1. Report yes if Ser4 is open to solvent by 10 Å² or more (accessible area, probe 1.4 Å), closer than 21 Å to Glu372 by Cα, among the polar types (S, T, N, Q) and modelled with pLDDT under 95, otherwise no.
2. Here is a list of conditions, (1) surrounded by fewer than 19 Cβ atoms within 10 Å (Cβ to Cβ); (2) within 21 Å of Val317 (Cβ to Cβ); (3) in contact (Cβ under 8 Å) with a residue 60 or more places away in the chain, and Pro274 meets all of them except one; can you say which number that is?
3. Being modelled with pLDDT of 95 or more and part of a strand (DSSP E or B) narrows it down to one of Thr39, Thr18, so name that one.
4. Test Thr319 against the criterion of being out of contact with any strand residue (DSSP E or B) (no Cβ under 9 Å at 6 or more places or on another chain) and farther than 20 Å from Tyr199 by Cα, and give yes or no.
5. Can you go through Gly244, Gly237, Gly217 and tell me which one is more than 18 Å from the chain's Cα centre (by Cα) and either closer than 20 Å to Ile323 by Cα or open to solvent by less than 40 Å² (accessible area, probe 1.4 Å) (or both)?
6. Here is a list of conditions, (1) out of contact with any helix residue (DSSP H, G or I) (no Cβ under 8 Å at 6 or more places or on another chain); (2) in contact (Cβ under 8 Å) with a residue 12 or more places away in the chain; (3) farther than 13 Å from Pro33 by Cα; (4) not aliphatic (A, V, I, L, M), and Glu362 meets all of them except one; can you say which number that is?
7. Let me confirm something: among Leu196, Leu172, which residue is surrounded by fewer than 23 Cβ atoms within 10 Å (Cβ to Cβ) and either in contact with an Asp or Glu (Cβ under 8 Å, 6 or more places away or on another chain) or part of a helix (DSSP H, G or I) (or both)?
8. Being closer than 17 Å to Tyr369 by Cα, in contact with a helix residue (DSSP H, G or I) (Cβ under 6 Å, 6 or more places away or on another chain) and acidic (Asp, Glu) is the requirement here; does Asp11 meet it?
Amino acid sequence: MARSDDHSHADLIERVGTTLDEVGTRFPYYADPADGSWTTTPNGNWCGGHWLQMLWHAHVETGEERFERAAREGTSTMVEYMPRRSMFCGMNFHHAGFRAYDLTGEERYRALGIEGADAMVAYFDQGARQIPLGILDIESPSPEFRGPESDEGPSGEHLGAVDAIHTSLPVLWRAFEETGDPVYRDTAISHADRHLDWYIREDGRTWHHAEFDPDSGALVRQYNELAFSEETCWARGQGWCIAGLARAYEATEAERYLRALNEVTAYYVRQSPPDLVPHWDFEHPNKPNVERDTSAAAIAAYGLALLTEAKETRELVATGERIRASLLEDYVTPRGSEDERPTGMVLEGCYNGPSGFADHHELLWTDYYLLEALAVAA
């Protein structure tokens, strides 16, 4: 029997509760698919804002003070830790700031959102017209996640990422809406326009990284770090691109963003299995015997749910609904009457395909974006 959106939303909120019971003041990161036990970080690492927003959602839905208390305490921890010279600062301060402000009306959270936007403006590289990847060390034992001082590649200070159109720009769009200050809008548009040039290939697939010259900002090279090869395409990167372009189009109604969104979404659909939940690399030579990545699907579904339905966006919105329905029907626990795992786990997320690290797990951000897709679509 198909799950209703209301029933699935309740399951995901229940999962926030069982997660909080387990992790306490730490931040969930990825969970064992066999029993739902979490690997945690002390401060949220690159994605702590997702957890904080899920806690606020759970508080609003249930009225339970434990969720509010955890969200407030976790926000202090995340803000103290988060490097301002990182594309992830914008995303996390958006979730912990503006999104908390929407739920609480408290001015301090609005101020936190503005602080995140100001950090993105300050870190914007004028020559490259990019907010760089930055100096945050992504917590992982996997060699594909390089630290900013790694000898394996360029410094994060002059390296762009396909993720940034989603991680860095929504806080800027929102800050412009809040303040009317054009610096936020202009920075976001400049970055988004460069994104069209540097990250989207002719057939609609995306590059993961763009290295630029630290002095001139000129493009040095484009390459893949989390795809199977230089010629294939990292599925989660495609999901980030879809979400970021959808937000850019909603913020500006610029035809160029809608045109690019149609191109990258068409590639996503063309290269995915029938249920639209992709393998971690769209063109992996071992498909179909390759892990899926539900986090790529959840991010894409969330992005497409942001669109205002109109003649120009109707097919995109419908694609997002199909992705969401597949995730809810086939990838969320319980998977049958004998399933004893916690309710509301979103299964088969692939954190890092090339190294096989957490490659068929529940991932915090998968849970978050599916929950958000349901909330936006409601």
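1. Details: open to solvent by 10 Å² or more (accessible area, probe 1.4 Å): yes; closer than 21 Å to Glu372 by Cα: yes; among the polar types (S, T, N, Q): yes; modelled with pLDDT under 95: yes.
Yes; evaluated as a whole, the condition is true for this residue.
2. (3)
3. Numbers: Thr18 fails: part of a strand (DSSP E or B).
One residue alone meets the criteria, Thr39.
4. Yes: the conditions hold for Thr319.
5. On the way: Gly244 fails: more than 18 Å from the chain's Cα centre (by Cα); Gly237 fails: more than 18 Å from the chain's Cα centre (by Cα).
Selected residue: Gly217, the only one of Gly244, Gly237, Gly217 that is more than 18 Å from the chain's Cα centre (by Cα) and either closer than 20 Å to Ile323 by Cα or open to solvent by less than 40 Å² (accessible area, probe 1.4 Å) (or both).
6. Glu362 satisfies all of (1) out of contact with any helix residue (DSSP H, G or I) (no Cβ under 8 Å at 6 or more places or on another chain); (2) in contact (Cβ under 8 Å) with a residue 12 or more places away in the chain; (3) farther than 13 Å from Pro33 by Cα; (4) not aliphatic (A, V, I, L, M) except (3).
7. Exactly one residue qualifies, and that residue is Leu196.
8. Values: closer than 17 Å to Tyr369 by Cα: yes; in contact with a helix residue (DSSP H, G or I) (Cβ under 6 Å, 6 or more places away or on another chain): no; acidic (Asp, Glu): yes.
No.
The values are calculated or read from the model by the stated rules, or taken from the named source; none is laboratory data. Just so it is clear, the structure is predicted and the values come from calculations on it, not from any experiment. Cβ: placed from backbone, ideal geometry, glycine included. Neighbour counts: every protein chain shown. Heads up: the accessible areas ignore ligands, DNA and RNA and are worked out on the full protein's heavy atoms, side chains in. Shrake-Rupley method; radii C 1.70, N 1.55, O 1.52, S 1.80 Å.
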